[in-house]
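The values are calculated or read from the model by the stated rules, or taken from the named source; none is laboratory data. This is a predicted model, so every value here is computed, not measured. For neighbour counting, all protein chains shown are included, and Cβ atoms are generated from backbone atoms with ideal geometry for every residue, glycine included.
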Amino acid sequence: MLEFGLIIITSVLFFLGVIWLVDQVFNGVVKEWFLNIFVLEPEYPSRGMVGILFRSWFEVKQFFINTFLVVLIILTTCMCASAYFYERYRSKKEITFIKNTMVSIMNSNSDSITLPAKYSEIETQLIKLKSITQRQQQLVQTEMQRKNDLITYLAHDLKTPLASVIGYLSLLDEVPEMPVEQKSKYVSISLEKAYRLEELINEFFEITRFNLQSIVLNKGKIKLAFMLQQLADEFYPMLEPQGKQVAIDVPDELNLVGDADKLARVFNNILKNAIVYSYESSVIDISATNDGENITVAFINQGEPIPAPNLDTIFDKFYRLDSARSTNTGGAGLGLAIAKEIITAHNGTITAESNLDHTIFTVKIPV
């Protein structure tokens, strides 16, 4: 209501001011026009007087009202147009300011963001956005670094056995009359190195395939005890020379629904990891339970503990725990990453915990 009153007063003052200004600039033209229209001045020579007669007050009032309304409409239109263009200018200026501020903030290494008080909500959102962006950039950088490290490690792992294969085959080629026993030894070593090359290449292609396409599962009922026992038997050549054993505690009636080939790959990777990093003459325990919601499979081995900071990252792609580059462990450090991809496709989880006594890898798959 107050704003409306101010508009009326402003309009009246503007109207009067315009009339006065026009009258002053054009030497009283407004006054003269008003007198000619609304005032009569009859002369009375016999009396020596000039009479002043006003026309109907209604006409005068109607003139002022109509004029005022016209001026009010013009003034209101001008004010609305001015307000519209000013608001557009102000909005454009604010948008430009916010855009430049965002660019400056995103390109800055500083975590502090300070905007005028009226932009407090925008400031809060910008802080959140920058925090998310920084985390994503850090993840990308970490992923790229791990990928570069993996390529370096893989090149090293491929080069070593390849050099051995070339060396032994060159000896066989250069010395055709080599004793049979020695020739057999060199062939055996070359074959072993060739198998290692195949293993490295297959592992690398496997993780690449899982990264580039979604995993298709061919689910079926799996007799878990039979699968785990079969895997343990396959690792006998690795276990026996070191005096290691695998103890399986899984009920015969426990069945798991999933992709048998892919889950066998998971358990194979975990068991191989447990064998490689366990102490000599130790026992690797494998157990499985069903709590009605999940089937839990645990692999427990005794060996050097995994450092706590690495427990959350050993399943990451392109992460390698054995940074010392021991080639005796085999693989390119991708087995656990592959295992996680497969378990995630089964809507399950895979975790690790480690202390001075033992290391436990736990797989949970919904029933």
Considering the stretch 230-254 alone, what residues qualify as being surrounded by 15 or more Cβ atoms within 10 Å (Cβ to Cβ) and within 25 Å of Gly292 (Cα to Cα)? Ile248, Val250, Leu254
For a quick check of your reading of the model, give me the residue pairs whose first member lies in the stretch 65-91 and is in the same structural domain as Gly17 (by TED's automatic domain parsing), whose second is surrounded by 10 or more Cβ atoms within 10 Å (Cβ to Cβ), with beta-carbon atoms closer than 6 Å and at least 6 apart or on different chains. Phe68/Phe15; Val71/Phe15; Leu72/Ser11; Leu75/Ser11; Leu75/Phe14
Would you confirm whether any residue within the stretch 143-161 is surrounded by 11 or more Cβ atoms within 10 Å (Cβ to Cβ), outside the structural domain of Leu254 (by TED's automatic domain parsing) and modelled with pLDDT of 85 or more? no
With the condition kept exactly as written, say whether any residue in the stretch 82-91 is farther than 30 Å from Leu126 by Cβ and either out of contact with any Pro (no Cβ under 7 Å at 6 or more places or on another chain) or modelled with pLDDT under 65 (or both). yes
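Residue-by-condition table, conditions (1) modelled with pLDDT of 75 or more; (2) in contact with a strand residue (DSSP E or B) (Cβ under 8 Å, 6 or more places away or on another chain):
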position: Tyr319; (1), (2): no, no
position: Asp322; (1), (2): no, no
position: Arg325; (1), (2): no, no
position: Gly330; (1), (2): no, no
position: Ala339; (1), (2): yes, yes
position: Thr349; (1), (2): yes, yes
position: Glu353; (1), (2): yes, yes
position: Leu356; (1), (2): yes, no
position: Thr362; (1), (2): yes, yes
Being over 30 Å from Tyr195 (Cα atoms) and at pLDDT 80 or above, is that true of even one residue in the stretch 95-104? yes
Would you say Ile314 is within 26 Å of Thr142 (Cβ to Cβ), buried (at least 18 other Cβ atoms within 10 Å of the Cβ) and either in contact (Cβ under 8 Å) with a residue 40 or more places away in the chain or not acidic (Asp, Glu) (or both)? yes
How do the strands (runs of 3 or more DSSP E) wholly within the stretch 237-317 filter down when requiring 1 or more residues that are under 22 Å from Ile215 (Cα atoms): which remain? 255-259, 294-301
Do the conditions hold for Lys223, that is, is it among the basic types (Lys, Arg) and under 22 Å from Glu293 (Cβ atoms)? yes
Conditions (1) surrounded by fewer than 14 Cβ atoms within 10 Å (Cβ to Cβ); (2) farther than 17 Å from Thr359 by Cβ; (3) acidic (Asp, Glu); number of the one not met by Glu280: (2)
